[in-house]
1. When Rg is the radius of gyration of the Cα atoms in region 1-78 and Rh is its Kirkwood radius, what does Rg/Rh come to?
2. Using +1 at the Cβ of each Lys and Arg and -1 at the Cβ of each Asp and Glu in the chain, identify which of ASN76, ILE235, PRO18 lies farthest towards the dipole's positive end.
3. Counting residues in region 22-163 as N, plug N into 2.2 N^0.38 Å and put the Cα Rg over that result.
4. What is the order of ILE162, ILE262, fewest Cβ neighbours within 10 Å to most?
5. With a cut-off of 8 Å between alpha carbons and a minimum separation of six or more residues, what is the relative contact order of region 22-163 in percent?
6. Mind running the shape call on region 40-87? Use the C-alpha gyration tensor, a ≥ b ≥ c as the square roots of the eigenvalues: rounded below 1.5 for a/c, prolate if a/b tops b/c, oblate otherwise.
7. If you count, for each residue, the other Cβ atoms within 10 Å and average over each peptide, how do 9-16, 295-302, 101-108 line up from highest to lowest?
8. For the peptides 246-255, 197-206, what is the packing order when you average, over each peptide's residues, the other Cβ atoms within 10 Å and list the highest mean first?
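Laboratory data are not the source of any read-out in this text; all were calculated from the coordinates shown. None of the values given here were measured: they were computed from a predicted structure. Note that we place each Cβ from the backbone using ideal geometry, even for glycine, and neighbour counts take in every protein chain shown.
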Amino acid sequence: MKFRWETKFKETEIGEIPKDWEVTNLGDDRFFKILPSGIKKFEGFKEYLSTSSVEGNEIVKIEEFITYNKRPLRANMQPVENSVWLARMINSPKFLKANKDLIENKILSTGFLGIQTKVKETCDYLFYYIQTKEFQEYKDAYVTGAVQESLTNENAKELLVILPPLPEQSRIATVLSYFDDLIEVKKRQNEILEKTAMAIFKSWFIDFEPFKDGEFVYNEELGKEIPKGWEVKKIGEVAEIIMGQSPPSKFYNEDGIGIPFIQGKGQLGKYTPQTTIFCSCDGKLARIYDILLTVRAPVGELNLADKEYIIGRGIASIRSNYWPFLFLYFNFNRELLKSLEKGTTYDAIVKEDIENFLAVIPPPHILQTFHSLVEPLFLKIILNQKQIMTLRKIRDTLLPLLVFGKLRIAEV
């Protein structure tokens, strides 16, 4: 790849852009079409996505499976070829691009605005352009509505778009998608690693498959048979529980001063925290490889600490030499954890609930063998997550430079 800094600009209604680029709007039918609501009749089931199904540019859950005749009223947007989708609501940066799976298997909520482009190159470029902070702020200025602020199709047509020449649109999308593709590869690796670790855990400690030929004894506390020589212990006997305590908010910042801070689920990621908040005073500390557990609604969300964090009231840190075993144990027992919730103002669990939680603990030599298999999987997951964060940071830094023409791509 070859880049160069642009030096020749022209002033436009959206700011400085390279002299050979143009500014238009989403109502320009030479390039764009705002898609109306309405779907084609289909057979069988399709997956319904609402705006809450998407975080950033990733699908995180399927809302429900629907049929044509029995579907929510809002399930009324049809993905089509060369289309991008963004959430209509204010302060809601959510984006999708119509790939084969989206077109064939998904129906979207009317909470999404659909934009179809004349050519694929513009679709690929537009997908990144609409993700810029500048476009999102511009979009939010056009949002209207007394009850629920939302971008209408007519208002959307007024939104300005910077358009480079078609070959450069393609180069910009190619460079940015390179980072997204790398991120996707590492995410898939992590999913495989997690499934492998969970399969080993289930085989050993739930189905007891490697120990089937041994002697089993009935355990009254659990109400089931376990291998002879194994013990039922309270978590407090095999781990230290550190309950979070939120420092005064005047010590919070997003400038990187102090130690990263986690208040609750909002700062947790898929496997490791993704907080942007720091705390500049002392507080309850989670150390690397501590298990991070949400103790206020929602109870039972889990992460692994990849470094030190200050933890707030919504988080407990569980510290043990056997952290991979306990992380998977809590994963398989989330519903049991949730059943311990209590509280008049909000659902929560307390330190004693975690300490008294029962676990079947095998002899040390079995735990050590298990850890020799599983710990490398989790260390690779943590490394991949760090690399994903780095790739996202590079992509997010490049994004506005490329789509506003400050940095030009001479060659891919």
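1. Reported Rg/Rh (Cα atoms, Kirkwood Rh): 1.20.
2. Value: PRO18.
3. On the way: Rg = 14.5 Å, N = 142, 2.2 N^0.38 = 14.5 Å.
Ratio of Cα Rg to 2.2 N^0.38 Å: 1.00.
4. Details: ILE162 21, ILE262 26.
Ranked by crowding around the Cβ, least crowded first: ILE162, ILE262.
5. Working: 276 pairs, mean separation 45.7, N = 142.
Rounded, it is 32 percent for region 22-163.
6. oblate
7. 295-302, 101-108, 9-16
8. Averaged packing, sorted descending, gives the order 197-206, 246-255.
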